[in-house]
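Chemist: First the structure, which I've put down as structure tokens, then a few questions once you've had a look.
FYI, it's all coordinate maths here, none of it is from the lab. Computed from a prediction, not measured in an experiment: that's the story for all the values here. Here the Cβ is made from the backbone with ideal geometry for all residues, glycine too, and neighbour counts use every protein chain on show.
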Amino acid sequence: MTKVAIIRCEKNENNCPMTNCFKTMMETTEGFARYDTCEPAGVFTCRCPGDNAVNHAKILKSKGAEVIHWCTCSFAKKTPAGWDDKNGGFCDHLESIAQKVTKESGLPCVLGTAHLPKGYSPEIISQD
Ligand code: SF4
């Protein structure tokens, strides 16, 4: 059982209630396929320019989170041909935010939750 937290981008907070993020977490599919079972540890919303993310990560860690997943829509867009990460998503600097979060909180970050783009393997950022 892995305790998984999710951080999403504020630019999608009023349009998507993270339905497929939670569905795939509970099914351990898509971005969560590496786990045997998952337990949700909590959710936060990252607000531009991302200065709150480290503090959010520390709080999530204090609540038992072992890993943070960043929503797929942060770095990919829905297209008629499916989700595509070639032209980015809601956040232009997700990678640097996630690296800082891992460095300062100690929690690994995984880029991806639901509906992964074709051919994309979730990027894992860790201190190792
Ligand atoms: S990754 Fe998909 S399900 Fe999750 S918040 Fe973004 S659009 Fe919604």
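Chemist: How far apart, in nanometres, would the label points at Glu13 and Val43 be if each is projected 7 angstrom from Cα along the Cα-to-Cβ direction?
Modeler: It works out to 1.2 nm between the two label points.
Chemist: Another one. Between Glu30, Glu39, Glu95, find the one with the highest GNM mean-square fluctuation for the chain; connect C-alpha pairs within less than 10 Å.
Modeler: Glu39
Chemist: How high is the relative contact order of the chain, in percent, with contacts defined as C-alpha pairs under 8 Å that are six or more residues apart?
Modeler: Answer for the chain is 29 percent.
Chemist: Further question on the same structure: Which value, in debye to the nearest 20, describes the size of the charge dipole of segment 46-100 about its Cα centre when Lys and Arg Cβ atoms bear +1, Asp and Glu Cβ atoms bear -1, and nothing else is charged?
Modeler: 200 debye
Chemist: Another one. Under a point-charge model restricted to the Cβ atoms of Lys and Arg (+1) and Asp and Glu (-1), what is the dipole moment magnitude of segment 1-118 relative to its Cα centre, in debye to the nearest 20?
Modeler: With only Lys, Arg, Asp and Glu charged at Cβ, the dipole is about 100 debye.
Chemist: With springs only between Cα atoms under 10 Å apart, run a GNM on the chain and tell me which of Gly82, Gly112, Gly42 wobbles the most.
Modeler: Gly82
Chemist: Placing +1 on the Cβ of each Lys and Arg and -1 on the Cβ of each Asp and Glu in the chain, which of His93, Asn14, Trp70 has its Cα farthest towards the positive end of the resulting dipole?
Modeler: Asn14
Chemist: Also, quick follow-up: How many percent of DSSP beta bridges within the chain run antiparallel, rounded to 5?
Modeler: Of those bridges, close to 30 percent are antiparallel.
Chemist: Using alpha carbon centroids, what distance separates segment 47-72 and segment 7-35, in Å?
Modeler: If we compute the Cα centre of each part, the gap is 14 Å.
Chemist: Working from the pairwise distances between different alpha carbons, so that the mean of 1/r is found and then inverted, what is segment 2-125's Kirkwood radius in Å?
Modeler: Every distinct Cα pair counted, the radius reaches 14.1 Å.
Chemist: Here's another thing I want to ask about it. Calculate for the chain the 222 nm mean residue ellipticity that helices alone would give, adding -39,500 (n - 2.57) per DSSP H run of length 4 or more and normalising by residue count, nearest 500 deg cm²/dmol.
Modeler: -7000 deg cm²/dmol
Chemist: To continue, here is another question. Using a Gaussian network model on the chain with a 10 Å cutoff between Cα atoms, which of Cys46, Cys109, Cys16 fluctuates the most?
Modeler: Cys16
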